[in-house]
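Right, one structure below, let's go through it.
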Amino acid sequence: MKIQEIMTRETITVAPETQLKDVARLLVTNRISGVPVCAADGTVLGVVSEADILRKLEGVSPELSRPVAWLSRKLDGELEKISAGTAGEAMSSPARTAGPHDQVPEVARLMVDCRINRVPVVSDGRIVGIVSRADLVRAFIRSDEEIEHDIREGVLLREMLLEPGVVDVSVEQGRVVLSGTVQSQADADAIDRRVRRIPGVLALTNELRWRPTNSRRAPVHTAW
C-alpha cells in the first residue's frame, strides 16, 4: 500500500512568518501535534511540533548558566527555539518527508526511528498531503478480504505477473498462508518479501515451492 492511498490531502500549513501563538492555537483547535511550515510555492521548509512550542514555554532554566550546558543547548539549536517568536524560528528543519509512492511500512519505520507523529508528503519538493501515525494505524486495521485482494491483484498479478490460480492465498484474522508452485526460488522469495510489507498482515506461512533445477526436492519455507 502506498502513502498516497491513506494520506490527508487537505493539509493545514503555516508560513515562516506565522506567529508562534497562532501556530499553537492552530494545533489546539485542530487537535494535531504538528504542522508543516511552507514557502509561498508549497515547498516544505520545516515542521513545527508541540515539542518545539514546549521548548519556548520551558524558557531558559537555571542550568543554562553553566557554560557546558549552554554550549550543548547552543549546538543543538535549542536556545534559538527558546527565543523563537515565529514558525520559521521555532521549526525543526529540514523536515522529515515522504513521497506519495512510498510504501506504508517504510514511512512507519521512519516515524518510529525518528520519534515523530506526522510526516509531510511531498512531490517535486512541494507538499501534496500529510500522513500521521493514526493514518498508519487505520491502514493496519484491514479486513481479510482487503488483504487477500492486495495479495492477489497487487502482488501476484500486477507485480509478479502470475496467472490466477498459480498461487493459492488464504487469509484469516490477518494470518496469511501461501501455497503453490512458482518458477524459481527468486520468485518465491520476492512474493514473500512483498506480502510481508502489506499493511494488516500479522503472520505469513509461506509454503510456496519452485521448479527445481535438479532432481532434489524444492524446500518449503518456514512460517513467520
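For this structure, a couple of remarks:
- Restricting the stretch 1-34 to residues that are of a type in the set (Ser, Thr, Tyr) and within 24 Å of the chain's Cα centre (by Cα) leaves a set whose member that is modelled with the highest pLDDT is Thr13.
- Pairs meeting the criteria (first residue in the stretch 16-28 and free of Cβ contacts under 8 Å to residues at least 40 places away in the same chain, second residue part of a helix (DSSP H, G or I), beta carbons under 8 Å, at least 6 apart or on different chains) are Ala24/Ile53; Leu27/Glu50; Leu27/Ile53.
- Glu163 vs. criteria assigned to a helix (DSSP H, G or I), surrounded by fewer than 19 Cβ atoms within 10 Å (Cβ to Cβ) and on the phi < 0 side of the Ramachandran plot: no
- Any chance Ser65 is at pLDDT 85 or above and over 17 Å from the mean Cα position of the chain (by Cα): no
- Among the residues of the stretch 118-130, none qualifies, meaning not one is within 22 Å of Asp52 (Cα to Cα) and not in a strand (DSSP E or B).
- Which listed residue, of Arg109, Arg138, Arg152, is among the basic types (Lys, Arg), surrounded by 13 or more Cβ atoms within 10 Å (Cβ to Cβ) and either assigned by TED's automatic domain parsing to the domain that holds Ala51 or in a helix (DSSP H, G or I) (or both): Arg152
The values are calculated or read from the model by the stated rules, or taken from the named source; none is laboratory data. Quick caveat: nothing in here was measured; it's all calculated off a predicted structure. Neighbour counts are summed over all protein chains in view; Cβ atoms, including those assigned to glycine, are modelled from backbone coordinates with ideal geometry.
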